[in-house]
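*Asks:* This is the structure I have questions about; it appears just below.
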Amino acid sequence: MTTHPHRNVIIIGSGPAGLTAAVYTARASLAPLVIEGEPSSTSDQPGGQLMLTTEVENFPGFPEGVQGPELMQRMRDQAARFGAEYLTEKATNIDFSSTPKRVWVRDDEYTADAVIVSTGARSLMLNLPDETRLIGHGVSTCATCDGFFFRGQEIVVVGGGDSAIEEASFLTKFATKVTIIHRRDKFRASKIMQERAFANPKIVVRWNSQVTRLIGDAKLTAVEVTDTVTGAVETLAVGGLFVAIGHRPNTDLFAGVLDMDETGYLVTQPGSSRTNIAGVFACGDVQDHTYRQAITAAGSGCMAAIDAERWLEATHAGK
Ligand code: NAP
């Protein structure tokens with residue numbers, strides 16, 4: 001067991017929310033430690049979901065667009081310039097019941113007066129071979145982010161909930177045809193959203209169907225669709241596949257400690273980043289299932305940094 005020097009602030013998670021919180025707390029001379037996660041092929045890695053994106057065209061300040069990983073590297077460098085430190089590991093345990101707050105990375109213990117939680121969320125995936133490889137190359141989990149790249153193409157959306165219907169409707173702005181592929185014979189989406197989709201001439205629904213194979217080398221070119229009733233297999237030529245089968249917040253570490261809603265998202269007090277524990281703040285997708293954009297995550301990271309700074313000033317000034 002190794003104990004490390006005490007910190008003002010520990011930030012857990014390093015997507016746009018965590019790194020923006022790092023820029024702000026570092027500039028406020030709080031020398032944050034960012035436990036940024038460890039490299040993996042999922043969104044649960046340093047930089048978060050943007051590491052699985054290619055071009056980002058809607059982050060203000062980049063008129064030519066920017067690659068997701070480059071944007072995250074720039075944020076990381078920006079916080080480092082003001083004194084943020086990084087630990088490229090995953091937090092494995094926490095204890096927020098005592099003062100100071102404690103965070104473990106395996107056997108190593110880190111303590112801090114304030115903690116900012118920005119562990120993000122992950123899109124549920126179909127778990128097909130090549131799916132991860134093709135993310136950003138025809139496979140997407142965010143219509144708002146990537147729809148624009150599919151102008152004039154035929155695309156498919158997988159799912160039957162509000163997200164799938166909403167994404168499909170949004171995508172008709174760009175695509176010539178959107179096929180919703182759903183594994184059952186009815187949607188779970190709300191009636192009004194369903195009616196909107198059924199009324200849209202660009203949307204076609206394939207009931208009782210599953211995408212069972214992704215086809216494409218550099219880029220997705222087709223999907224194999226299997227009828228769950230007859231077993232018939234068909235190949236559809238498509239420019240894009242949007243997986244919209246739900247998200248899960250990365251909150252296992254905080255179960256029983258931080259207040260969560262029924263789907264596991266952290267609950268913050270309205271208009272702030274405060275959680276139910278004084279000195280613990282949450283920002284980004286881990287507490288937002290509505291907007292889920294890099295820019296809104298970054299904005300909430302700024303809020304968390306300012307909330308943490310003010311809380312430290314009020315409770316720890318002069319200590
Ligand atoms: P969801 O309601 O959990 O729906 C997930 C859908 O994906 C279901 O239709 C499910 O099929 C399907 N699915 C799950 N795993 C699958 C797999 N492995 N292969 C194929 N299909 C799979 O998730 P969501 O649509 O993201 O919505 C989450 C919450 O946010 C909901 O409460 C929703 O109402 C809310 N939301 C609201 C709005 C809005 O009001 N504008 C927009 C988006 C989301 P089954 O139906 O067979 O289970």
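*Asks:* Looking only at Cβ-Cβ distances, which cysteines of the chain have no other cysteine closer than 4.7 Å?
*Replies:* Cysteines lacking a close Cβ partner in the chain: Cys283, Cys302.
*Asks:* Here is a further query. May I ask you to compute the full-extension gain from Thr176 to Ile192, defined as 0.36 nm times their residue separation minus their alpha-carbon distance, rounded to one decimal in nm?
*Replies:* Computed gain between Thr176 and Ile192 is 3.5 nm.
*Asks:* To continue, here is another question. Quick one: how many lysine pairs does the stretch 125-243 have with C-alpha atoms less than 21 Å apart and a gap of 8 or more or different chains? Give me the count, please.
*Replies:* Numbers: Lys173/Lys202; Lys177/Lys186; Lys177/Lys202; Lys177/Lys219; Lys186/Lys202; Lys191/Lys202.
Total qualifying Lys-Lys pairs in the stretch 125-243 comes to 6.
*Asks:* Let me ask something else. Once you keep just the Cα pairs under 8 angstrom separated by 6 or more residues, what percentage relative contact order results for the stretch 91-229?
*Replies:* Relative CO of the stretch 91-229 lands at 18 percent.
Laboratory data are not the source of any read-out in this text; all were calculated from the coordinates shown. What you see is a predicted model; the values in this text were computed from it and never measured. Every residue, glycine among them, receives a Cβ derived from its backbone with ideal geometry; neighbour counts consider all protein chains shown.
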